[in-house]
1. Round to the nearest 0.05 the FRET efficiency obtained for residue 339 and residue 144 when R0 = 35 Å and r is the Cβ-Cβ distance.
2. Of the chymotrypsin sites (Phe, Trp or Tyr not before Pro) in segment 99-199, which ones lie in a loop per DSSP and count no more than 13 other C-beta atoms within 10 Å?
3. Determine, for 81, 204, the number of other Cβ atoms within 10 Å of each Cβ, and report the residues in order from fewest to most.
4. Connecting C-alpha atoms closer than 10 Å in a GNM of the chain, tell me which of 171, 26, 250 has the biggest fluctuation.
5. Assuming R0 = 51 Å, what is the FRET efficiency of residue 153 and residue 46, from their Cβ-Cβ distance, to the nearest 0.05?
6. Which whole-number percentage describes the relative contact order of the chain, with Cα contacts under 8 Å and a sequence gap of 6 or more?
7. Taking 0.36 nm per residue of separation and subtracting the Cα-Cα distance, what length does fully extending residue 69 through residue 253 add?
8. Among 320, 73, 259, 52, rank each residue by its count of other Cβ atoms within 10 Å, from fewest to most, as a rough exposure measure.
Amino acid sequence: MQQPDPVEILKLNRIVVYSVIGLFLVLITIYALFIYGKTGQYQDFEDYIFGTYIRIKIASKVNPEKIAKAIFTEMRRLEEKYDPYREGSVLYNLNHSEDWVQVDDETLALVDLSLKLAKQTEGAFDPALGRLIDLWGFSKYSQRSESEFKVPEPREIKEAILLSGYQKITVDYLKKSVKTNGAWLDFGGMLKGYALKRAYQIAKEYDKNCHGFIEAGGQIMILGPKFGRANWIVGIRNPRGNTYDSISYVYLKEGSIATSGDYERYFEIDGVRYHHILDPQTGLPSRGAISVSVVSEDPILADALSTAGFVLGKDRWLYTRTLFPKLGAEVLLITPEMKILKTDNFSIYENPDR
Ligand code: ADP
Ligand code: MG
């Protein structure tokens, strides 16, 4: 019998080894492409909640549709629970009770946070302006046509101011109870921020590696960098231009940016614009700014402080400029004369190479 040639055996072994390695590499590539296909592609979802469009752009190895659905469900829950003008909602019951009302933990935490934000901004952000907001007709803004709006009488405004204000709200932490003492709570200036915080938590519970962003009205919450590494570019709208006309851009991999503008919800009578952000002191639409954008890690802070910065306006800019960065927020304010004011570190976010 002829002995096999050892050189031939070696060659044969090498072919087998190379084939196995080759096959392995092909399998790895297919697997990587499969995973990329699942995580690297963005899917878009949209719904109408809080009287505005909510857009979710998300890439995830977990079913993105499931995540988006869970987020929309949560947002709708919050919309119903905290609509102060819907009979039976938690805020409605609080506002229409003359006595202490026991509340759940979430509500207690939100009331507490809203009062803290009011104190921090010296009342520029005031969660107890419900009566004034209702008087101006912004409580059911999307259900009203422009001709239904009217400017309230000075007497009516005065009366509503007397019955409003965060100082009226009392909290009993031991009994988990809140008393509104005639004022009406309205979380409109921070609820979208809270909903975005919840949305972020939900998305990360499903998949901590998901990325993308959520847009709710004038606010954006980043879920993770674009394609897992790059900045998202967010335009700050020219308040006197169209939707796609930006006066600046910010570059974000995380955190949130909220903009409060006088162009979102307003009506016009005799050429005067009356919008939905009210100065708690005068009871009138605030006139010291036409747009305020706030960048912060925390979406609730971004939301509430964009409203507060708007009320503080250009006259109290020095206060905003000094205080807000200490709270963890950078601000860009546009005055009615279209002058742009920025806190010292805002430009960090305007740098594309950050
Ligand atoms: P948007 O809801 O358009 O993003 P904001 O975040 O600035 O705008 O919130 C405005 C809403 O906040 C109003 O519709 C009203 O419900 C409420 N609001 C109005 N004025 C104030 C204020 N001074 N402080 C707190 N909330 C306010
Ligand atoms: Mg706000």
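1. Values: r = 33 Å, r/R0 = 0.94.
FRET efficiency, residue 339 to residue 144: 0.60.
2. Values: sites: 100, 125, 136, 138, 141, 149, 166, 173, 184, 187, 194; in loops: 100, 125, 136, 149, 173, 184, 187.
Taking segment 99-199 and a limit of 13 other Cβ atoms within 10 Å, the loop chymotrypsin sites (Phe, Trp or Tyr not before Pro) found are 173.
3. Working: 81 18, 204 14.
Going from sparsest to densest Cβ surroundings: 204, 81.
4. Of 171, 26, 250, the Gaussian network model singles out 26 as fluctuating most.
5. Result of the calculation: an efficiency of 0.80.
6. Details: 619 pairs, mean separation 51.4, N = 354.
Relative contact order of the chain: 15 percent.
7. In short, 63.9 nm is gained.
8. On the way: 320 27, 73 12, 259 24, 52 17.
Ordered from fewest to most neighbouring Cβ atoms within 10 Å, 320, 73, 259, 52 come out as 73, 52, 259, 320.
Every number in this text was worked out from the coordinates using simple rules, so none of it is lab data. Predicted model, so just to flag it, every value in this text is computed and none were measured. When we count neighbours, we look across all protein chains shown, and the Cβ atoms used for this are built from the backbone with ideal geometry, even at glycine.
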